[in-house]
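Engineer: If you scroll down you'll find the structure; I have some questions about it.
The values are calculated or read from the model by the stated rules, or taken from the named source; none is laboratory data. Note that the structure is predicted; figures quoted are calculated from it, not measured. Here Cβ is always computed from backbone atoms with ideal geometry, including for glycine, and neighbour counts include all displayed protein chains.
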Amino acid sequence: MKKLFSYFIILSAFLVGGSTGLYAQQPFDVFKTPVRQAVVHNKSLQNSILENQKTLLDKEMVQGKLLPTLTANAGYGYLHSGFDLDLPTQQLPLTGINLFEGSQKGTVSTQVGLAGVTAKQVIFSGLQITNGKKALEHKAKAQELMTAAGYDQLAQEVILSFDQLMLLREVDLLIDDSDKRLRKEHQKVVKAIENGFAIPYDRDKIKLAMLELESKKAEVQSNRELLYYKLEELTGLPQRELHSISYALSEIVLDGGKAMQMNRKELQALEASQKAFEYVLKKEKGAQLPILFAFGNISYVNAFGTGMTLQDIPHIGDVKMSSNHLRAFPSYAVGVGMTWNIFEGKSHKSSIEKARLDLQINANKLDDTREKLSLLQRKTKSDYELALKKIAVNQQQVTIAKNNMRLASRQFEEGLLDVTERLEAENEYYKHSLNYFNQVLNQRSMATELLKANGNLYQTIMQ
């Protein structure tokens, strides 16, 4: 029985980092709810969605720069100033007196109130706004695709946990089946001892094997509880709902054509990023062109409480003047304007070169990703086909081991085998049964990896 329980140890290690699978022979609905809830519940994916929304807001802000802006302004101020005024000299015809001879000095003070509305709209931006908006649009698309790429990984993790639970159920059945047989053998040995046909050694060896099975039952239950806690954390679903999900642990047979269709979101995201970098480069080049804009203004101006003094006027002396108000309304102004940054050192040239480098870096990533995904596609397909072939071999091994165990049990009853040989046959049946379920999990893992490698896992579950 030591060999038997060494396989249980291997199985326990497998449960910690084992394979995954996709439920194919039962309706995919069994995984729809937990996977969908896991996507909604996952905080990293939620943050990715929020980041994507921020990018969309940036796009709206850039697009809004093509719309007119309307600003209102108002102000009040007090002005006091000295001045030196030189007017053309005028001679009075009768008296011959010269007026405004030389420059005249004076002071002026007034209070000014003003209010107005100004509208302004960009007519031509060198296509910076248009290209910037398109760049953000493709960036948002790339972010959305990268978020969707995380769905496959999360779905695989959820399915892995359920597959492990279904494996534990199969282990429970194997343990119970073996326990029934060993108890039956134990009763026979006890009676044989009473009749002098067996020795206590045989009874104790079977009893030890039964105790080992009890220990494994407790270990399986502990692993089951941990898996349900993990699923509860992944999906946010209550455990009573998780307990209701059950299915047969069997191999997956995929539609080769659909499974091999490349739909990898990371690849599509890099393609969208390539478009975004192309528009960024166009935007930076457009910064070399002038920006044209139209403007319009309507305003109200009122200068009130104005006082002005002209000093030392010949023949007159100081002249003081005042006014109650001077109003100008409405005052209109319309026109077009232009700004053109002709020379900015090397900043603009550096921005263009940086955009070119970003474009080339992303292009290299895109080519590299295509090559790696192509290799991964071939590898996962080969692993999947090999795993299917191995299952057929394992099924035959289980059948032979089961027949040998039944034969050994009859021979043990007839006294043709000792207890060690009888338990060895039991051990062989356990070993091949566990190997079979282990291979089923491996095949399910390869099928899931094939779907995931092509970006079709989440989509297949949700169909």
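Engineer: Given the criterion outside any helix (DSSP H, G or I), surrounded by 14 or more Cβ atoms within 10 Å (Cβ to Cβ) and not hydroxyl-bearing (Ser, Thr, Tyr), identify the matching residue among 337, 296.
Structural biologist: So the residue among 337, 296 that is outside any helix (DSSP H, G or I), surrounded by 14 or more Cβ atoms within 10 Å (Cβ to Cβ) and not hydroxyl-bearing (Ser, Thr, Tyr) is 296.
Engineer: I've got another one for you. What number of residues within the stretch 103-143 are surrounded by 15 or more Cβ atoms within 10 Å (Cβ to Cβ), among the basic types (Lys, Arg) and within 29 Å of residue 71 (Cα to Cα)?
Structural biologist: 2
Engineer: May I ask you to say which residue of 423, 407 is at pLDDT below 85, of a type outside the set (D, E, K, R) and more than 21 Å from residue 169 (Cα to Cα)? Break it down stepwise before answering.
Structural biologist: Working: 407 fails: at pLDDT below 85.
On inspection, the qualifying residue turns out to be 423.
Engineer: Report whether or not residue 161 is among the hydroxyl-bearing types (Ser, Thr, Tyr) and in contact with a helix residue (DSSP H, G or I) (Cβ under 9 Å, 6 or more places away or on another chain).
Structural biologist: Judged against the criteria, residue 161 is a match.
Residues are listed down the side, and each one gets a yes or a no for (1) among the small types (Gly, Ala, Ser); (2) closer than 21 Å to residue 241 by Cβ; (3) within 34 Å of the chain's Cα centre (by Cα):
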site: 146; (1), (2), (3): no, no, yes
site: 149; (1), (2), (3): yes, no, yes
site: 156; (1), (2), (3): no, yes, yes
site: 183; (1), (2), (3): no, no, no
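Engineer: If only one of 65, 43 is basic (Lys, Arg) and without any contact (Cβ under 8 Å) to a residue 40 or more places away in the chain, which one is it?
Structural biologist: Going through 65, 43 in turn, the sole match is 43.
Engineer: Given (1) surrounded by 15 or more Cβ atoms within 10 Å (Cβ to Cβ); (2) of a type in the set (A, V, I, L, M); (3) free of Cβ contacts under 8 Å to residues at least 40 places away in the same chain, where does residue 361 come up short, assuming only one miss?
Structural biologist: Just one mismatch for residue 361, condition (1).
Engineer: Just need a number here: residues in the stretch 104-140 that are of a type in the set (A, V, I, L, M) and either on the phi > 0 side of the Ramachandran plot or not in a strand (DSSP E or B) (or both).
Structural biologist: Final tally of qualifying residues: 5.
Engineer: Residues to consider are 280, 301, 319; find the one that is closer than 22 Å to residue 116 by Cα and among the β-branched types (Val, Ile, Thr). Break it down into steps so the answer makes sense when it comes.
Structural biologist: Numbers: 280 fails: closer than 22 Å to residue 116 by Cα; 319 fails: closer than 22 Å to residue 116 by Cα.
Going through 280, 301, 319 in turn, just one is closer than 22 Å to residue 116 by Cα and among the β-branched types (Val, Ile, Thr): 301.
Engineer: Would you confirm, using the coordinates I've provided, whether residue 286 is touching a residue at least 12 places away in the same chain (Cβ under 8 Å), of a type outside the set (S, T, N, Q) and more than 30 Å from residue 121 (Cα to Cα)?
Structural biologist: no
Engineer: Looking only at residues in the stretch 166-214 that are outside any helix (DSSP H, G or I) and touching a helix residue (DSSP H, G or I) at 6+ places or on another chain (Cβ under 9 Å), which one is modelled with the lowest pLDDT?
Structural biologist: 197
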